Amino acid sequence: MAQKYSSFSYISGNSFLHKCPCWIKILFIPVISILFLFLPVYFCLSLIILQISIAFVLKFSFKQQLADLKPVIYYALLLFLMEIFTCIFSKQATFSQRFNFQTQKDTLFLLAKLFCMMQSASLVFKTSTSLQLREGIAKIELFIRKILHLKNKTSFTNAISMFLNFIPMVTKIWAQSQRAWFARGGKKSIKMYLSLLPVLFSVGMKKAWNTSRAIEVRNL
C-alpha cells in the first residue's frame, strides 16, 4: 500500500530540483518569493502559475500540492467569513457595496502572495531531505562566518535546521495519528481533534527532545 503523503514531506525523485544543491534552493527560492511581495500582483500570479507547472512536471499530484497549501486556504476562508459576518451585521452599507472585488482586492492580492510563498517553501521541502537542508544551511553559515572571520562552527544551523525539520515532522505525526484513529473505526469529528491533539503535542515534544539530544551529543 502506498504511504499517504503528509504536508511538506520529501518526495523522492531524479528531477533537476532534486539534483540542485540545497544551498542554492535555500537562497534562491525564498529570495524570489520575498521579492515578489514587493512587485505588482500580476508578477506574483505569474510565479504561481510557474510554480504549479513545475510541480506537475516533477510529477507532484494535485492532492500533494493542495496538502501544503491548506494553511493559506484555511486562512483565506477565515478572512472571508469574518468579512461576510461584518458585512451582514453592518448598517453603514449594503452587502453588495461592502463585499465586492474592489473592496476585497487587497485581501485577494495578499492571499495570492502568501500562496506564492507557501508554494515556494513546498518545492524546497518536497525536493530536499532533512540532511540536505541541514548541510545546505551549514554551508551558507560557514561561508558567512569565513567572510566575517568568526569561529568555524554551525550553531545557527543546528537551531534553524531543527525548526525547519519540525514542520514536516508535525504534519507526519498528525497524519499517522489520523490513520490510526480511522483504522480503529473513529470518525472525523470534534472528538477526534480533542483526542489526537494531546497525542500530537506529547509525541512532538518527545521527538523534539530526542533530536536536540542527538545534536548535542554529536557536537560534544
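The values are calculated or read from the model by the stated rules, or taken from the named source; none is laboratory data. Since this is a predicted model, take the numbers as computed values, not measurements. Because the Cβ atoms are built from the backbone with ideal geometry, glycine has one as well, and the counts that use them run over all protein chains shown. Quick note on the areas: whole protein, heavy atoms, side chains included, nothing else; ligands and nucleic acids left out. Shrake-Rupley method; radii C 1.70, N 1.55, O 1.52, S 1.80 Å.
Contact map, the stretch 179-204: residues that are farther than 22 Å from Met169 by Cβ and outside any loop (DSSP other than H, G, I, E, B) paired with residues that are open to solvent by 60 Å² or more (accessible area, probe 1.4 Å) and of a type in the set (Gly, Ala, Ser), Cβ distance under 6 Å, separation 6+ or inter-chain. No pairs are found.
Given the options Phe101, Phe109, Phe85, name the one that is open to solvent by 60 Å² or more (accessible area, probe 1.4 Å), more than 30 Å from Met169 (Cβ to Cβ) and modelled with pLDDT under 70.
On the way: Phe109 fails: modelled with pLDDT under 70; Phe85 fails: modelled with pLDDT under 70.
After applying the criteria, what remains is Phe101.
Could you list, in sequence order, the residues of the stretch 107-152 that are farther than 20 Å from Ile32 by Cβ, in a helix (DSSP H, G or I) and of a type in the set (D, E, K, R)? Scanning the stretch 107-152 gives Arg134, Glu135, Glu141, Arg145, Lys146. List, please: which pairs have Cβ atoms under 6 Å, are six or more places apart or on different chains, and start with a residue in the stretch 8-26 that is over 13 Å from Phe125 (Cα atoms) and end with one that is open to solvent by less than 40 Å² (accessible area, probe 1.4 Å) and of a type in the set (Val, Ile, Thr)? Sorted first by the residue in the stretch 8-26, then by its partner, the list stays empty. Selection of helices (runs of 4 or more DSSP H) fully inside the stretch 1-82 by the criterion of at least 3 residues being closer than 26 Å to Glu141 by Cα returns 16-19, 22-37. The single condition among (1) modelled with pLDDT of 75 or more; (2) open to solvent by less than 70 Å² (accessible area, probe 1.4 Å); (3) of a type in the set (Phe, Trp, Tyr); (4) within 21 Å of the chain's Cα centre (by Cα) that Phe80 does not satisfy is (4).
In contact with a His (Cβ under 9 Å, 6 or more places away or on another chain), modelled with pLDDT of 85 or more, closer than 30 Å to Arg134 by Cα and surrounded by 15 or more Cβ atoms within 10 Å (Cβ to Cβ): is that true of Leu58 in this structure? Here the answer is yes, as Leu58 does meet what is asked.
Which ones in the stretch 6-57 are among the β-branched types (Val, Ile, Thr) and over 29 Å from Gln176 (Cα atoms)?
At the first step, the residues of the stretch 6-57 found to be among the β-branched types (Val, Ile, Thr) are 11, 24, 26, 29, 31-32, 34, 41, 48-49, 52, 54, 57.
Matches in the stretch 6-57: Ile24, Ile29, Val31, Ile32, Ile34, Val41, Ile48, Ile49.
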